[in-house]
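Participant: Quick one: the structure is below, questions incoming.
Each value in this text was obtained by applying a stated rule to the coordinates, not by laboratory testing. No experiment lies behind these values; they were computed from the predicted model shown. Using ideal geometry, Cβ is built from the backbone for each residue, glycine included, and neighbour counts are taken over all protein chains shown.
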Amino acid sequence: MFALFKKQNQPTETKATNNKVTFQELLDIKDIRVRRPSNGISSIIEQTILDVLSSQEDKGGKKLVQLVSYIFNQLGYHTKINDGFNDKKQDVLIFQNKDDDKPILVIQCKSYSPQNTKDRIKIGALSDFVAYTEDYKDCRMFLTTSYFYPKTIEDFADRVILVDRIGFIALLSKAFPIETANVMNTLSLHDIKENCKECRHGKLQLLFFNNIPNFKCTNCATKYKAVNRQPVLYKREKY
Ligand SMILES: [Zn+2]
């Protein structure tokens with residue numbers, strides 16, 4: 001039966017198959033056996049994405065600025081972070097080459113959690129940014145973890161690249177597909193209360209092996225024993 005199923009579903013005319021490219025490669029799906037463990041930098045990126053998209057305050061928006069810089073580095077550009085009060089609304093500068101004087105893109109970042117803030121990006125924020133970036137008419141971006149009011153989009157979308165939360169997540173997926181998928185996996189399971197102590201954000205799914213309850217992280221594959229229904233760290237499994 002399985003053989004029949006396999007035969008029927010085997011692509012016969014796909015060029016890729018003729019060239020011995022597997023569907024895994026064709027669809028660019030990371031092999032589940034090597035998806036984990038991630039290296040240290042990958043874990044930091046993952047944690048930063050989670051922090052920036054969570055309801056916790058990103059005080060001063062520093063994490064968002066850092067993450068935007070990571071994104072453009074990952075996409076092959078050089079970046080400079082402007083911090084402090086005298087940044088002239090230009091938080092991140094993007095350069096084609098390391099020693100270039102003039103940036104090819106200037107970005108203002110606004111960390112604004114929709115979970116906690118009863119406001120969106122208003123015209124005033126864009127007016128200020130536009131005033132400070134006269135020299136960068138075709139290469140300026142305003143990026144937020146929130147959204148823009150319709151009037152803001154109407155007035156500024158032809159002058160500034162406006163990136164809202166949806167655009168930002170799309171950008172993250174482009175630069176850091178695995179890390180973003182890991183975070184989205186966690187955020188999609190918000191109904192599960194317990195967090196993993198190992199990776200600090202995976203959720204603990206209650207499982208039963210031979211009627212014995214235990215917990216397993218949905219992200220890093222750490223296993224927990226259930227003691228009085230509470231998860232107690234047990235061991236890290238491969239998958
Ligand atoms: Zn975990």
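Participant: For a paramagnetic label modelled at 7 Å from the Cα of residue 198 toward its Cβ, which residues of region 38-62 fall within the zone defined by backbone nitrogen distances under 18 Å?
Facilitator: Residues passing the 18 Å test: 38-44, 46-47.
Participant: Determine which residues of region 160-178 fall in the zone a paramagnetic label at residue 127 would reach in this model, i.e. backbone nitrogen under 18 Å from the point 7 Å along Cα→Cβ.
Facilitator: Residues 160 qualify, since their backbone N sits under 18 Å from the label point.
Participant: Also, I was wondering about something else. Using +1 on the beta carbon of Lys and Arg, -1 on that of Asp and Glu, and nothing else charged, what's the dipole of region 40-185 about the Cα centre, debye to 20?
Facilitator: Here region 40-185 has a charge dipole of around 220 debye.
Participant: Still on this model: So which GluC sites (Glu not before Pro) in region 141-239 pass both tests, a DSSP loop state and at most 16 other Cβ atoms within 10 Å of the Cβ?
Facilitator: 194, 198, 237
Participant: Taking 23 Å as the cut-off for C-alpha to C-alpha distance, list the pairs among 59/137; 80/110; 197/238; 30/216; 80/137 that go past it.
Facilitator: Violating the 23 Å Cα-Cα cut-off are 59/137.
Participant: Output the lone cysteines of the chain: those with no second cysteine's C-beta under 4.7 Å from their C-beta.
Facilitator: 109, 139
Participant: Right, something else. With each label point set 7 Å from Cα along the Cα-Cβ vector, what nm distance links residue 100 and residue 33?
Facilitator: Spacing of the two 7 Å Cα→Cβ label points: 4.2 nm.
Participant: On each of the three principal axes of the Cα atoms of region 40-185, give max minus min coordinate, whole Å, ordered largest first.
Facilitator: The principal-axis extents, from largest down, are 42, 39, 27 Å.
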